Structure formats: structure tokens, C-alpha cells
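Structure provided below as C-alpha cells; questions to follow.
The values are calculated or read from the model by the stated rules, or taken from the named source; none is laboratory data. Remember, predicted model here, so these are calculated numbers, not experimental data. Every residue, glycine among them, receives a Cβ derived from its backbone with ideal geometry; neighbour counts consider all protein chains shown.
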Amino acid sequence: MFKINTNYQKLPGSYLFSTIGKKVRSFQAEHPEKKVISLGIGDVTQPLAPAIIEELHKAVDEMAAAETFKGYAPDLGYEFLRTAIAENDFAARGCEIQPDEIFVSDGAKCDCGNIQELFDRDNRIAVCDPVYPVYVDSNVMAGRTGTYDEGRGIWSNVIYMPCVAENNFVPELPKETPDLIYLCFPNNPTGAAITKERLQEWVDYARRVGAVIIYDAAYEAYISEENVPHTIYECEGARECAVELRSFSKNAGFTGVRLGATVIPKDIKAEDITLHSLWARRHGTKYNGAPYIVQKAGEAVYSEAGKAQLKEQIAYYMKNAKVIYEGLKSAGYSVSGGVNAPYIWLETPKNMTSWEFFDYLLENANVVGTPGSGFGPSGEGHFRLTAFGSYENTAEAIDRIKGI
Ligand code: PLP
């Protein structure tokens with residue numbers, strides 16, 4: 001008789017967004033006349049930029065002729081895309097990352113879920129709290145965590161690093177020593193960014209204790225402040241200790257197109273084994289590459305026209321972020337985020353729990369957001385709103401919230 005991976009059974013309840021979906025459907029069934037506005041799920045709404053669409057069409061046509069048809073992509077991804085990423089995301093910022101240290105993938109979610117399999121099961125992980133749930137859940141599935149404390153919402157054998165108003169939502173160095181450190185800046189859900197000086201402290205720390213940092217830069221394109229690093233490789237020594245996850249989802253609207261990249265510098269070694277060689281082996285065995293047409297579309301992100309159009313798209317979402325931030329602030333809420341990220345993080349009023357505030361907002365303003373407790377125990381008493389809606393819906397949602 002087969003046996004299942006019982007680690008899966010340890011995972012609590014249903015996924016955050018399915019619970020939200022159920023609540024919204026049942027509210028809408030009871031109140032079909034109400035127009036519910038969602039500032040909840042972190043999905044983009046603007047169409048792909050014209051420069052990207054044009055390249056997609058061209059690439060599709062190439063697939064229609066034997067001379068230009070493409071089959072399997074090279075293991076690491078097409079050279080044209082890896083070179084564009086290396087030049088624009090790294091060399092242009094003074095960072096030394098070679099194209100063959102970049103692995104093209106179909107998005108950051110798979111990579112941040114899969115990267116843990118390069119490491120021994122006994123490694124201890126440290127995570128920001130609150131944070132994108134995939135880091136912890138993928139380690140639960142791999143059996144790297146202990147037991148779940150339902151009441152406190154935490155796993156044993158995981159180092160939680162609270163990110164709260166008192167530390168500006170940037171974690172302090174942990175008291176216990178981790179082997180793997182997940183950092184995500186700009187952060188989902190708090191919208192907080194980390195300064196270069198603070199990130200350098202993390203890089204120095206990781207090198208000192210022999211840990212690897214898994215740095216999720218999915219929201220890098222939203223950075224507006226000067227002293228905020230766009231990549232961890234802006235920090236000295238990061239080539240020896242940091243893996244970086246990049247995504248085309250939020251900077252270019254590829255959530256449904258699917259494209260990402262993981263950077264593994266060849267200097268990260270356990271004794272004389274490079275992490276790069278392990279990921280290359282894994283990629284070769286378990287992955288057959290992002291589609292050619294999508295990689296061509298990714299290249300267009302770095303064209304002059306693409307860059308200009310995407311700058312406008314990001315400005316559109318960040319205008320929404322400003323409407324949310326300022327609207328809530330004027331209504332007396334304690335808010336943060338929204339300056340270097342498309343997320344606004346607010347303290348729930350009157351000591352409501354995150355879920356109580358979710359219900360309150362849905363019933364009274366017909367607005368959907370995301371309860372902070374879904375991202376970790378320190379998210380309790382907080383709530384996330386996203387700037388990814390249309391401007392009209394965002395403005396209306398904030399008017400309604402101000403009116404309750
Ligand atoms: N990392 C973070 C922090 C995210 O918030 C998300 C998506 O919301 C992802 C990764 C997933 O990105 P992708 O669409 O590239 O899989």
C-alpha cells in the first residue's frame with residue numbers, strides 16, 4: 001500500500017484566498033444588488049504593454065515557419081533573455097552577475113517553493129513575519145518544520161522574525177542562528193522596503209554565520225526611494241551568500257503569462273560544492289523551460305519602448321497606492337507601505353482581529369482586502385489593501401471606507 005507524504009497533512013486549514021473567496025461569494029449571494037470591490041488578491045489588472053504584445057505576436061509567427069520554429073528551450077533559458085536581465089537588472093546597477101548565473105523560469109512562486117530542496121532537511125529556516133506564505137509552507141511539505149501551534153499560528157523549528165511598526169517592518173538579526181534566511185523586500189504584505197545599509201547588515205550576518213539568504217525581489221520595480229536597493233547584489237559580499245528570485249509578474253503584468261528568473265552566483269559554496277551546480281542539475285532534471293514566445297516577451301520588457309510603457313503602468317498602480325494611503329490616513333487609520341510597493345498595510349481599528357475587520361469592511365463598505373493574520377502571527381491586527389485595481393474602483397473603495 002502506498003504511503004503519502006504526511007507533511008502535507010500538517011498544513012493547517014484552507015488557503016487564505018480560498019477562504020476569502022468563499023466569504024465574498026456567500027456575501028454576494030445574500031446581497032446580489034451590492035457591488036463588491038476587491039483590493040484583496042495581489043493580481044495585476046492592466047493589460048500587457050504594447051511593446052510586449054508586439055513581441056509576443058512576432059514570436060508566435062516564428063513558431064509557424066520551419067526555419068524559425070523553436071522546440072525545447074536551453075536549460076538555463078535563452079541567452080538573449082539572460083543577457084538582457086544581466087545587463088539591465090545587474091550591470092546597470094553596478095552588480096556583477098553573469099548571464100550563466102541566471103536561470104529563467106516560469107515565475108518566482110515555483111522557484112521560491114522549490115529552492116529549499118537544495119538544502120539538507122536539518123537546516124533551520126528564518127522568515128519575516130508576516131510574509132508571503134509560500135516560504136514556510138514549502139518547508140513544511142519538505143518536513144523541515146516541526147509541529148504547528150494552532151493557537152499561536154506558528155511552527156516549531158522555524159525562526160520567526162517579527163516585522164512590526166516598532167522596527168519599521170524590517171526584521172532584526174535573529175537570536176537563534178538560521179541556515180536559510182528568507183527576505184522579501186519590498187515586502188508582501190507590509191509594503192515595507194529595506195535600506196541598503198540594513199540589507200548590508202543581513203549580508204554580513206549571513207556570511208558570518210554561514211547562512212544563505214533567499215532574497216525575493218518580486219516587487220523591485222515599485223521602489224521609488226533612493227536608498228532602497230533594487231537587488232541584494234548591490235551589497236558587498238552578497239555573491240557569496242545570496243540567491244535572488246525575480247519575477248515578471250508585477251513589473252510587467254506577466255501573472256498570466258508566467259516568467260521569472262532565479263540568480264545563483266557561483267561563489268555560493270558548501271565546502272567546494274556550488275549551489276549553482278545543484279540548481280543547474282535540478283533545472284535540467286525537473287524543468288523544461290519557459291516558452292520561447294514568453295521569453296521573447298520578457299526580452300521586450302527591457303526594450304526602450306517596453307521600459308517607457310512599464311514605467312507608466314507602475315505609475316498607474318502607484319497612483320492608486322497614494323489614493324489608498326492618503327485616504328486611509330485622513331480617515332484616521334494607521335497606515336504604512338505604499339511608497340516602494342503596491343501594498344498598503346493598516347492597523348485594524350478598535351482592536352478588531354484581522355478577520356473581524358475583513359467582515360466589517362465587506363459588510364459595511366463592500367470592500368475586500370486581505371487579513372494580515374493570513375501572512376503570519378505578527379500580521380494579526382493588520383490588514384492588506386493592494387493598489388492593483390483600476391483607479392476608479394480604488395477611489396470608490398476608499399470613499400466608501402472613509403464613509404463608514
Ligand atoms: N514572491 C512574492 C513575494 C509574491 O508576492 C508573489 C506573488 O504574489 C510571488 C513571489 C509570485 O510571483 P510569480 O507570479 O512570479 O510566481
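With part of a helix (DSSP H, G or I), within 30 Å of Lys196 (Cα to Cα), away from the ligand (no atom under 16 Å from the Cβ) and among the aromatic types (Phe, Trp, Tyr) as the only criterion, which of Phe90, Phe27 stands out?
On the way: Phe27 fails: within 30 Å of Lys196 (Cα to Cα).
When all the criteria are applied, what remains is Phe90.
Just checking, which of Thr348, Thr370 is touching an Asp or Glu at 6+ places or on another chain (Cβ under 9 Å) and among the β-branched types (Val, Ile, Thr)?
On the way: Thr370 fails: touching an Asp or Glu at 6+ places or on another chain (Cβ under 9 Å).
That would be Thr348, the only listed residue that is touching an Asp or Glu at 6+ places or on another chain (Cβ under 9 Å) and among the β-branched types (Val, Ile, Thr).
Given the criteria more than 20 Å from the chain's Cα centre (by Cα) and either closer than 29 Å to Thr195 by Cβ or at pLDDT below 95 (or both), does Glu356 qualify? Write out each step before concluding.
Working: more than 20 Å from the chain's Cα centre (by Cα): yes; either closer than 29 Å to Thr195 by Cβ or at pLDDT below 95 (or both): no.
No; evaluated as a whole, the condition is false for this residue.
Based on what the data block shows, is Asp179 away from the ligand (no atom under 16 Å from the Cβ), among the charged types (D, E, K, R) and either crowded, with 17+ Cβ neighbours inside 10 Å or not assigned by TED's automatic domain parsing to the domain that holds Asp75 (or both)?
Values: away from the ligand (no atom under 16 Å from the Cβ): yes; among the charged types (D, E, K, R): yes; either crowded, with 17+ Cβ neighbours inside 10 Å or not assigned by TED's automatic domain parsing to the domain that holds Asp75 (or both): yes.
Criteria met by Asp179.
Can you give me the ranges of the helices (runs of 4 or more DSSP H) entirely in region 257-364 with at least 2 residues that are without any contact (Cβ under 8 Å) to a residue 12 or more places away in the chain and of a type in the set (S, T, N, Q)?
Working: elements: 275-286, 292-300, 304-330.
Passing ranges, in order: 275-286.
A follow-up question, please. Determine the pairs where a residue that is modelled with pLDDT of 95 or more, located within region 209-234, has a partner that is among the hydroxyl-bearing types (Ser, Thr, Tyr) and within 14 Å of the ligand (Cβ to nearest atom) with Cβ atoms under 6 Å apart, the partner being 6 or more residues away or on another chain.
Cβ pairs passing all conditions: Ile214/Tyr182; Ala218/Ser247; Ile232/Tyr215.
Do we find a residue being within 16 Å of the ligand (Cβ to nearest atom) and touching a residue at least 40 places away in the same chain (Cβ under 8 Å) anywhere in region 63-75? Show your work before the answer.
The first filter runs over region 63-75 and keeps only residues within 16 Å of the ligand (Cβ to nearest atom), leaving none.
The answer is no, given that none of the residues of region 63-75 is within 16 Å of the ligand (Cβ to nearest atom) and touching a residue at least 40 places away in the same chain (Cβ under 8 Å).
Additional query: Kindly indicate the residue of region 107-132 that is crowded, with 18+ Cβ neighbours inside 10 Å and part of a loop (DSSP other than H, G, I, E, B) and also farthest from the ligand (Cβ to nearest atom) among those meeting that condition.
That would be Arg124.
May I pose another question? Answer yes or no as to whether Pro47 is at pLDDT below 95 and closer than 23 Å to Lys109 by Cβ. Give the derivation first.
Details: at pLDDT below 95: no; closer than 23 Å to Lys109 by Cβ: yes.
When the stated conditions are applied, Pro47 does not pass them.
Shifting gears a bit: Criterion first (crowded, with 22+ Cβ neighbours inside 10 Å and basic (Lys, Arg)) does Arg82 satisfy it?
yes
Another question about this same structure. For region 331-371, what are the residues that are of a type in the set (Ser, Thr, Tyr) and in contact with a Lys or Arg (Cβ under 7 Å, 6 or more places away or on another chain)?
Within region 331-371, the subset of a type in the set (Ser, Thr, Tyr) is 333-334, 336, 343, 348, 353-354, 360, 370.
Within region 331-371, Tyr343, Thr370 meet the criteria.
Sticking with this one: Do we have any residue at all in region 23-39 that's surrounded by 14 or more Cβ atoms within 10 Å (Cβ to Cβ) and closer than 17 Å to Phe375 by Cα?
Initial filter on region 23-39 (surrounded by 14 or more Cβ atoms within 10 Å (Cβ to Cβ)): 23-24, 27-28, 36-39.
Okay, now just the ones that are also closer than 17 Å to Phe375 by Cα, so 39.
Yes: one or more hits.
Just for region 246-262: of the residues that are closer than 13 Å to Ile314 by Cβ and surrounded by fewer than 24 Cβ atoms within 10 Å (Cβ to Cβ), which one is nearest to the ligand (Cβ to nearest atom)?
The qualifying residue nearest to the ligand (Cβ to nearest atom) is Ser249.
Whether any residue in region 201-222 is among the β-branched types (Val, Ile, Thr), under 27 Å from Thr370 (Cα atoms) and surrounded by fewer than 23 Cβ atoms within 10 Å (Cβ to Cβ) is what I want to check.
For region 201-222, residues among the β-branched types (Val, Ile, Thr), under 27 Å from Thr370 (Cα atoms) and surrounded by fewer than 23 Cβ atoms within 10 Å (Cβ to Cβ): absent.
If you check Asp122 against the conditions, is it in contact (Cβ under 8 Å) with a residue 60 or more places away in the chain and acidic (Asp, Glu)? Steps first, please.
Working: in contact (Cβ under 8 Å) with a residue 60 or more places away in the chain: no; acidic (Asp, Glu): yes.
It is false that Asp122 is in contact (Cβ under 8 Å) with a residue 60 or more places away in the chain and acidic (Asp, Glu).
To continue, here is another question. On the given criteria, is Ala221 small (Gly, Ala, Ser), more than 11 Å from the ligand (Cβ to nearest atom) and either assigned by TED's automatic domain parsing to the domain that holds Pro99 or in contact with a helix residue (DSSP H, G or I) (Cβ under 6 Å, 6 or more places away or on another chain) (or both)?
Working: small (Gly, Ala, Ser): yes; more than 11 Å from the ligand (Cβ to nearest atom): yes; either assigned by TED's automatic domain parsing to the domain that holds Pro99 or in contact with a helix residue (DSSP H, G or I) (Cβ under 6 Å, 6 or more places away or on another chain) (or both): yes.
It is true that Ala221 is small (Gly, Ala, Ser), more than 11 Å from the ligand (Cβ to nearest atom) and either assigned by TED's automatic domain parsing to the domain that holds Pro99 or in contact with a helix residue (DSSP H, G or I) (Cβ under 6 Å, 6 or more places away or on another chain) (or both).
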